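Okay, structure first, notes after.
The values are calculated or read from the model by the stated rules, or taken from the named source; none is laboratory data. Computed from a predicted structure; not experimentally measured. Don't worry about glycine lacking a Cβ; one is built from the backbone with ideal geometry, like all the others, and counts go over all protein chains shown.
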Amino acid sequence: MSAQLFLIAPPHTAPAAILAALERIAATTEIPALLLRRGDMAENAYKALAKAVIPRAQALGAAVLIEGEPGMVRLLGADGLHVVGGVKAVRDAVAALKPDPIVGVGDIGSRHDAMQKGELDIDYILFGPLSGDISEPERDLARWWAETMQVPSVLSNPDAGLAGHDAGDSEFIGLALPIGSEA
């Protein structure tokens with residue numbers, strides 16, 4: 001199975017840089033999903049970033065996921081919400097957004113955590129970091145999930161780069177959006 005791209009945009013990146021990178025990649029590769037990381041950006045700055053990036057990324061074929069509150073998804077025209085946090089945060093997002101927008105989860109610490117969140121009508125589960133390199137225990141957890149569960153998985157290994165990545169049995173590979181000329 002060949003994994004699909006799940007690109008992760010770094011926080012505090014100018015919209016023009018994100019869009020240039022997306023356009024370079026979209027010229028040769030399909031981009032099913034883009035996560036616009038918020039990090040510690042102020043709400044107004046993040047909203048401005050999202051409003052600048054979302055329509056163009058969607059025009060390139062990417063489903064755009066944001067971080068934040070469920071109400072921001074419709075306000076910004078995003079395709080869904082990436083939730084980090086506990087089961088309550090996931091429940092709240094699913095209750096507010098389903099059936100239409102995508103609700104995905106990350107910050108998975110154990111099989112038990114994955115199963116609890118995976119039972120909540122989510123659309124994907126992300127294993128690994130949003131920045132940095134994936135650990136072997138995270139990779140093992142993703143492998144176990146992909147082999148045994150129905151909910152699609154993202155193996156996030158942002159430091160891997162666009163070439164030569166291995167998602168194991170996961171449906172998606174989470175990679176950092178290469179900003180600059182390295183795309």
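With PRO32, PRO55 as the choices, which residue is in contact with a Phe, Trp or Tyr (Cβ under 9 Å, 6 or more places away or on another chain) and surrounded by fewer than 20 Cβ atoms within 10 Å (Cβ to Cβ)?
PRO32
Any idea which of ALA95, ALA21 is assigned to a helix (DSSP H, G or I), among the small types (Gly, Ala, Ser) and under 21 Å from ALA167 (Cβ atoms)?
Working: ALA95 fails: under 21 Å from ALA167 (Cβ atoms).
ALA21 is the lone residue from the list that is assigned to a helix (DSSP H, G or I), among the small types (Gly, Ala, Ser) and under 21 Å from ALA167 (Cβ atoms).
Where the second residue is part of a loop (DSSP other than H, G, I, E, B) and of a type outside the set (Asp, Glu) and the first is at positive phi and free of Cβ contacts under 8 Å to residues at least 40 places away in the same chain and lies in segment 103-127, which pairs have Cβ atoms under 7 Å and are six or more apart or on separate chains?
Every condition considered, the pairs that remain are ASP107/VAL84; ASP107/GLY85; ASP121/LYS98.
Test ALA89 against the criterion of being part of a helix (DSSP H, G or I), closer than 24 Å to LEU7 by Cβ and out of contact with any helix residue (DSSP H, G or I) (no Cβ under 6 Å at 6 or more places or on another chain), and give yes or no.
Taking the combined requirement at face value, the residue satisfies it.
When you look at LEU155, is it out of contact with any Phe, Trp or Tyr (no Cβ under 9 Å at 6 or more places or on another chain) and in contact (Cβ under 8 Å) with a residue 60 or more places away in the chain, yes or no?
Here the answer is no, as LEU155 does not meet what is asked.
Find the residue count for segment 147-172, including only residues that are modelled with pLDDT of 85 or more and in a loop (DSSP other than H, G, I, E, B). Step through it out loud before you land on a result.
So the first thing to find is which residues in segment 147-172 are modelled with pLDDT of 85 or more, and the list is 147-158, 169-172.
Then keep just the ones that are in a loop (DSSP other than H, G, I, E, B); that gives 149-152, 157, 169-171.
Counting residues in segment 147-172 that are modelled with pLDDT of 85 or more and in a loop (DSSP other than H, G, I, E, B) gives 8.
Going by the conditions given, is VAL64 surrounded by 19 or more Cβ atoms within 10 Å (Cβ to Cβ), of a type in the set (Val, Ile, Thr) and in a helix (DSSP H, G or I)? Steps first, answer last, please.
Details: surrounded by 19 or more Cβ atoms within 10 Å (Cβ to Cβ): yes; of a type in the set (Val, Ile, Thr): yes; in a helix (DSSP H, G or I): no.
Here the answer is no, as VAL64 does not meet what is asked.
Which residue pairs have Cβ atoms closer than 7 Å, lie 6 or more positions apart in sequence or on different chains, and pair a first residue in segment 42-68 that is more than 14 Å from THR13 (Cα to Cα) and modelled with pLDDT of 95 or more with a second residue that is crowded, with 19+ Cβ neighbours inside 10 Å and among the basic types (Lys, Arg)?
GLU67/ARG37; GLU67/ARG38
Filter segment 132-162 down to the residues that are small (Gly, Ala, Ser), loosely packed, with under 14 Cβ neighbours inside 10 Å and within 13 Å of LEU7 (Cα to Cα) and list them by number. Give the steps one after another, and end with the answer.
Within segment 132-162, the first condition is being small (Gly, Ala, Ser), and the residues that meet it are 132, 135, 142, 146, 153, 156, 160-161.
Subsequent filtering for residues that are loosely packed, with under 14 Cβ neighbours inside 10 Å retains 132, 135, 161.
GLY161 - this is the single residue of segment 132-162 that is small (Gly, Ala, Ser), loosely packed, with under 14 Cβ neighbours inside 10 Å and within 13 Å of LEU7 (Cα to Cα).
Taking segment 120-146 as the search range and keeping residues that are in a loop (DSSP other than H, G, I, E, B) and not hydrophobic (A, V, I, L, M, F, W, C), which one is farthest from ILE8 (Cα to Cα)?
Taking segment 120-146 as the starting set, the residues that turn out to be in a loop (DSSP other than H, G, I, E, B) are 120-123, 128-135.
This time we only want the ones that are not hydrophobic (A, V, I, L, M, F, W, C), so: 121, 123, 128-129, 131-133, 135.
Working: ASP121: 23, ASP123: 17, GLY128: 12, PRO129: 10, SER131: 8, GLY132: 11, ASP133: 13, SER135: 18 Å.
Only one residue tops the list, namely ASP121.
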